[in-house]
Structure formats: structure tokens, C-alpha cells
1. Against the condition in a helix (DSSP H, G or I), out of contact with any strand residue (DSSP E or B) (no Cβ under 6 Å at 6 or more places or on another chain) and not hydroxyl-bearing (S, T, Y), how does L37 come out, does it pass?
2. Which of the residues that make up region 108-146 are crowded, with 18+ Cβ neighbours inside 10 Å, among the hydroxyl-bearing types (S, T, Y) and under 17 Å from L159 (Cβ atoms)?
3. Do the conditions hold for R12, that is, is it in a helix (DSSP H, G or I), over 30 Å from L239 (Cα atoms) and of a type in the set (D, E, K, R)?
4. Among the residues of region 82-137, how many are of a type outside the set (V, I, T) and outside any helix (DSSP H, G or I)?
5. Could you list, in sequence order, all residues of region 253-275 that are touching a Gly at 6+ places or on another chain (Cβ under 9 Å) and at pLDDT 90 or above?
6. Any residue at all in region 243-253 that is under 26 Å from H140 (Cα atoms) and touching a strand residue (DSSP E or B) at 6+ places or on another chain (Cβ under 9 Å)?
7. Taking L19 and the conditions (1) closer than 12 Å to L193 by Cβ; (2) out of contact with any helix residue (DSSP H, G or I) (no Cβ under 6 Å at 6 or more places or on another chain); (3) hydrophobic (A, V, I, L, M, F, W, C), which numbered condition does it fall short on, given that it satisfies the others?
8. Restricting to region 147-182, count the residues that are at pLDDT below 80 and loosely packed, with under 14 Cβ neighbours inside 10 Å.
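The values are calculated or read from the model by the stated rules, or taken from the named source; none is laboratory data. From a predicted model like this one, the values you see are computed outputs, not experimental measurements. Neighbour counts run over all protein chains shown; Cβ positions are idealised from the backbone, glycine included.
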Amino acid sequence: MGALILCGLGWRILKPAGLEAVETRKVLTSLVYYLLLPALVLAVLWRTPLGLDSLRISFVAAGGILLGMSLTWLGCRLCASPPAMMGAMILAAAFPNATYMGLPVLQKLFGEAGRGIAVQYDLFACTPLLLTLGVLTARHFGQGQGGNPLPDLLKVPPLWAAIVAIGLNLTAVPFHPWVADGLNLLAAGVVPLMLFSLGLSLRWDTWRLSQMPALALVSLVQMFLIPLFVWGLGTWIGLEGIYHQGAVLEAAMPSMVLGLVLCDRFRLDSGLYAAAVTLTTALSLVTLPFWYGLLNA
């Protein structure tokens, strides 16, 4: 996984065929977002057992996001941060990279069940909250114009794939082998392309010494406080086994790359957000093994 991320970082530096990292990432992420990821979501949720654990995963994910937003807002108020910086920090600290990083990690650790946990954590909580509460937050602290965020939520292809998959799952429609082969063939490209795109997103040129207190706060909230809270909340509501471990690891993922889109759209501090993504991704190489070891101690 690290090698694929480094390949993306190397592409950003070397620019093969004269292709800039921004252009390459846009093409790859669009392919994943509109075709490959919906196929993966359909293949996973069609067969994943849906029950109380699905509700528990959604509940702890939403709780972790709301806690992260609240703690970061409080820290920014105490430090009298500018609005554009405050909005970027809240998004960076609260929303984890549940799919781009979380999906491959949980798939390697827990197999098919891990994919189901990652998809549910993202599509049942992170994505809906990002495209509603996250958009409202970015609009409040930013300068761009935006309308009702709900239409944007209805335009998310993986979310529609999840709705269809849940319907097929609950009505016990058979998952025929020829359907499985087609969906799995498309889904196989999701993990490598997402990791490569993550490498394309890493930027060191946005770092400033004046950003270090803000980055320290984002890292503390995102990498330590939220997963600790999700751990306790999950234990309290009865989330057990790999579902509990997977939820904590998802909460400990680095900052969501998609937040850069909101920062650009609403004129938040995109440089700070990009620096937060880079720093938290680098830290996750240490913090994720730490949390996994702690969960299995």
C-alpha cells in the first residue's frame, strides 16, 4: 500500500507524459467515483449481513465526526483562528479518509467483512454528513456561493449503489456468479487506483511554519481523540469483534481527500487542508499500527 502511495507521489514529481498531478488525479478519481466504487459497493453490500451492527457502525461514525467538529471548533475559537482557516481545520479534523485509505486497510486486515465495515462507515455516515453538515460548515466559514446541499447528496453514485444493494440484500435476490464476476472485475481496480490517487494528493509545498499549531490540533483530534471516543462509544453500545476494531481503525484514518473540493469551492484555506492531509497520512503509518496493536492487546 505504501508503495502505491509513493508511486502516486512520484508521478506528482516526475509528471510522465507531461501530465500534471491535478489532471491525473481528477481523471482517476472520477473513474473510481462514477464506475468502479459503485460496482464495489454493490458487490459488498449485496452480500454483507445488515442488522444492528450496521446501525451501531453508523452511530459511532456519526458520533466521532460530530465530536471532531465540536472539539476543533472550540480549539479554533480559543485561538481566534480566521474563518477560512477554521473551516478547513474543522473539515480536516472531523472527516476521515474512510474509503481511499480505510477500505484497503480493512480489506487487508479483515477480508470481505472489512470491506463491508469500510463501506458502511463511509456511506451510512461520513458521506451523508460531509455533503450536508460539512457543506453547511464550509459555506458558513467560507466565501463561495452554495445552494441547498441535499441535491448534491442525491448525486452520489456510490450512495445510489448502496441503496440498490440494500434492497437486493433485504429481498434476498440471488447474487449470480456472472454478476459477481463482472462486479468484482470492476471493483478490483478501486484499491490500487485510490491509493495511487492518494499519493497524487500529497503536497509538501503548502507547508508553512505558522500552520504547525493548527496542524497539531487537527492531528490530535483526528488521529487520537476521535478513535478513542469511537472505541468507548462502540463498547458502550455493544459493538464487538472485528466490527468494533474496524470502526476504531476507520475513525483513526487520516483526513479525507475529498475535503479539498469543498475548500476550493468555498474558498477555505486549501493550503492548510492539503498540508493536513499530507501530515495525517504520514502519521497514519505509525498511528494505525498503534491502534491495531492496542485493540488486539
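1. Details: in a helix (DSSP H, G or I): yes; out of contact with any strand residue (DSSP E or B) (no Cβ under 6 Å at 6 or more places or on another chain): yes; not hydroxyl-bearing (S, T, Y): yes.
Spelling it out, L37 is indeed in a helix (DSSP H, G or I), out of contact with any strand residue (DSSP E or B) (no Cβ under 6 Å at 6 or more places or on another chain) and not hydroxyl-bearing (S, T, Y).
2. Y121, T127
3. Numbers: in a helix (DSSP H, G or I): yes; over 30 Å from L239 (Cα atoms): yes; of a type in the set (D, E, K, R): yes.
When the stated conditions are applied, R12 passes them.
4. Looking only at region 82-137, we keep the residues that are of a type outside the set (V, I, T), and these are 82-89, 91-98, 100-104, 106-116, 118, 120-126, 128-131, 133-134, 136.
Next, from what is left, pick out any that are outside any helix (DSSP H, G or I): 82, 95-98, 100-101, 111.
Here the count works out to 8.
5. Answer for region 253-275, where residues must be touching a Gly at 6+ places or on another chain (Cβ under 9 Å) and at pLDDT 90 or above: just M253.
6. The first filter runs over region 243-253 and keeps only residues under 26 Å from H140 (Cα atoms), leaving 251, 253.
From what is left, the residues that are touching a strand residue (DSSP E or B) at 6+ places or on another chain (Cβ under 9 Å) are 251, 253.
Checked against the condition, which is being under 26 Å from H140 (Cα atoms) and touching a strand residue (DSSP E or B) at 6+ places or on another chain (Cβ under 9 Å), region 243-253 yields at least one hit.
7. Condition not satisfied by L19: (1).
8. We begin by selecting, within region 147-182, every residue at pLDDT below 80; these are 147-156.
Pick out the ones that are also loosely packed, with under 14 Cβ neighbours inside 10 Å and you get 147-148, 150-151, 154-155.
So the answer is 6.
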